[in-house]
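Novice: Below you'll find the structure I mean.
Nothing in this text is a laboratory measurement; each read-out follows from the coordinates by a stated rule. What you see is a predicted model, and the numbers here were worked out from it, not measured in a lab. Positions of Cβ are backbone-derived with ideal geometry, glycine not excepted, and every protein chain shown enters the neighbour counts.
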Amino acid sequence: MKWKEILTKKRNEALILFSILLMIAMIGYMHKTHLSDMEDAVTSIYEDRLVAKDYVFGLSKTINTKKLALNSSDELVEEVVIANHTIDQLLVSFENTKLTSEESALFLKLKDEIDLSFEFESQIIHNPMLTQRDMVIQQLNNQYDLILADLEDLSEIQLYEGKRLLESSNKVMASNRITSRLEIALLIVVVLVFLMATSSPKVLIQKDFWHS
């Protein structure tokens with residue numbers, strides 16, 4: 001009867017130990033998932049927000065350069081050619097970042113505004129005797145202002161999304177700390193169960209000896 005009790009107890013302890021080990025494995029998986037989520041958040045903050053904000057700043061700087069060049073017809077052609085090449089590169093780079101739905105809609109609007117500005121520039125550059133030239137130049141200036149306003153909105157989105165990603169990263173870190181503590185607690189329980197499992201038979205054998 002005593003041996004049957006010992007085997008039953010052993011089986012129960014094994015089941016408890018297996019359950020605890022399974023929980024530790026699950027916590028380890030959660031820990032790994034949290035680290036992966038945190039890495040993704042940090043990478044996105046850098047690649048999709050800080051770098052994207054730099055692209056937006058570059059676009060704003062280039063548009064302002066063209067605005068200044070409008071005051072000098074001698075510099076306009078050279079400045080526009082160089083600036084438009086830079087703008088095309090920056091637009092491609094920005095489009096390759098991870099865009100939200102709001103950003104995508106605003107980015108499409110921005111590209112349309114820029115395309116229209118290119119048309120105004122082409123009229124001014126290739127038609128020196130253009131009638132109502134001053135009016136077209138004014139329209140181009142207004143177009144530049146619209147582009148700069150779009151870029152300002154995109155810049156604000158970068159700040160908002162960067163803050164949101166940072167908050168998400170902080171939540172992941174907090175969850176990771178909790179799972180780490182839980183993992184340590186379970187390890188302690190495993191050790192205690194192991195010690196109980198290895199010491200119990202000796203105690204039972206000693207009891208059987210004295211009872212006999």
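Novice: Taking Cα pairs under 8 Å and at least six residues apart, what relative contact order does region 48-124 come out at, in percent?
Specialist: Working: 28 pairs, mean separation 27.1, N = 77.
Contact order relative to length: 35 percent.
Novice: May I ask you to derive the FRET efficiency for K111 and M23 from their Cβ-Cβ distance with R0 = 45 Å, giving the value to the nearest 0.05?
Specialist: Numbers: r = 52 Å, r/R0 = 1.16.
Efficiency, from the Cβ-Cβ distance: 0.30.
Novice: Pick out, in residue order, every one of the trypsin sites (Lys or Arg not before Pro) in region 84-161 that is DSSP loop and has at most 13 other C-beta atoms within 10 Å; say none if there are none.
Specialist: Qualifying residues, ordered by number: K98.
Novice: At a Förster radius of 41 Å, what calculated FRET efficiency corresponds to the Cβ-Cβ distance of K67 and E167, to the nearest 0.05?
Specialist: Plugging the Cβ-Cβ distance into 1/(1 + (r/R0)^6) gives 0.65.
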